[in-house]
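**Student:** Sharing a structure below in structure tokens format, with a few things to ask.
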């Protein structure tokens, strides 16, 4: 903001943009109030849009404003920030090459024989991401080959003085809608004319009738562009025809209405971006969008973006221009433990129709594999038998190594075909995951002939002196420090001196010795030491609490039993 006055006029306030940093001068200006903010274009590559954003002005810009700022003489500047904020501002503005769309520049470089700027000494290097996006666009237009060199079509587009996408719309749109209408649409979009409610077709009607102050310049641009392409009558004017030209330039911005509200409508673009629009275009089912920018407020319809230029397009015309984006395929997903498939017709991210179908075997297997990669083996319900078998295998692999297989999540997921192939076929055919027998599947991993020793090396149960066969609780697969555990009543182990060992004698069993009520009394992997030491204290504490059960003073000579004293006496 600039305040100035002349001696023969009352005080006045002049509000200006960054234009005040240039050589512009206004008589009488002596005081400059600088917001220290700047509006600059910023490209959103992920959503294929750009827009003006407000951020702190660079210090060099602030210095330029203070020194220049339309004054013809000395004066005063007031900066609306504290010194700390000013010092934290960037030293100089980002170069335009870092924020602009590089499609036009990339085509010119390709035509000059320097694809992607190869061999050129540039003041600022071309941003790799923006350049890659530009080359992708040019390839989709057929303007460059796989090596980035300009094609004949690319050179033809470069001779049209507008953005390559608009040049393509002018060249290919002429035969479809007529060279005059194609030139009118391209002249409007390339001239960056302001639009009412983003309506390109409405703006063209107003320009034709001379109802806009920029109609003369637009008409001259139309005549100039029309000379650059062969004359063609096409299908004539109309809102659908305008949308067809726009879609030729920006097929990835074809949009379908998702929601309608009092404040406008929200559309989904083929690129995946959601954007809002108000006015008459909010009633359209499909739009061809020429310009979309980041925004907030009611006009964005809660989408974070706003459509700034578009026209209605029919589905018939949509199919003429969106061929590479159109797909008709079956999408199979593994959901809630079952393969479910739907046939979807899409335009990019837009689903045109969707209905349930039966997945093929390959589609089903792919769906199961994707689910396993995403969610791991938790997509299955592990039975006790399957979990125990896996734990036994894990212990042998950890202690003995080959040929015993690794059964971690990563190892099993990497070798699905080696142990789960029949089950994958069953799941692909519609069998629920809850009915898959993982124990049988894991047994395919047992190595032969070593598998004959599996039950001896890692038995499922352990026989104790009382004759009971107690199940061994093997440690979890992902807990290598844990031990196999046998929880058994103390009385069933009287006289047992040698602690059993598993995995060819490498791993001692850890005993949880229990009371008659099943509560832990002692934990040991050295039974001989327990009977000779801690047992006496356990006996003193427990004999009064459980008088019906044997608590002999000498456990070495007592008969192991799982019964009470009276029951044991009856035999």
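**Student:** What FRET efficiency comes out for the pair residue 211/residue 280, r = Cβ-Cβ distance, R0 = 22 Å, nearest 0.05?
**Tutor:** Details: r = 17 Å, r/R0 = 0.77.
For R0 = 22 Å, the calculated efficiency reads 0.80.
**Student:** Roughly what angle does helix 215-226 make with the longest principal axis of the chain, taking Cα atoms, 0 to 90 degrees, to the nearest 10?
**Tutor:** Relative to the chain, helix 215-226 is tipped by roughly 70 degrees.
**Student:** Distance between the C-alpha centers of segment 501-518 and segment 338-398? Whole Å please.
**Tutor:** First find each Cα centre; the distance between them is then 38 Å.
**Student:** Relative contact order of segment 287-421: what whole-number percent is it, with Cα pairs under 8 angstrom and at least 6 residues apart?
**Tutor:** 13 percent
**Student:** Please state the shape class of segment 303-356: rounded when a/c is under 1.5, otherwise prolate if a/b exceeds b/c and oblate if not, all from the C-alpha gyration tensor. Before the final figure, lay out the partial values.
**Tutor:** On the way: a/c = 3.51, a/b = 1.79, b/c = 1.97.
Here segment 303-356 falls in the oblate category.
**Student:** Pairing the Cα long axis of helix 164-177 with the longest principal axis of the chain, what angle in degrees results, from 0 to 90 and rounded to the nearest 10?
**Tutor:** 70 degrees
**Student:** Could you please state, rounded to a whole Å, how far the C-alpha centre of segment 425-470 is from the C-alpha centre of segment 132-173?
**Tutor:** 62 Å
**Student:** Moving to a separate point now. Can you tell me what share of the DSSP beta bridges in the chain is antiparallel? A percent to the nearest 5 is fine.
**Tutor:** Within the chain, antiparallel bridges account for around 85 percent of the total.
**Student:** Which order do the peptides 120-128, 518-526 take when ranked by the mean count of other beta-carbon atoms within 10 Å per residue, highest first?
**Tutor:** Those peptides, ordered most packed to least, come out 518-526, 120-128.
**Student:** Another question about this same structure. Sort 177, 186 by Cβ crowding within 10 Å, fewest neighbours at the top.
**Tutor:** 177, 186
**Student:** Show me 102-108, 510-516, 534-540 ranked by packing, highest mean number of other Cβ atoms within 10 Å first.
**Tutor:** Highest mean packing first, the order is 102-108, 510-516, 534-540.
Here, each number is a calculation from the coordinates, and none is a lab measurement. Owing to the predicted nature of the structure, the values given are computational and were not obtained by experimental measurement. Virtual Cβ from ideal backbone geometry, glycine too; neighbours counted across all protein chains shown.
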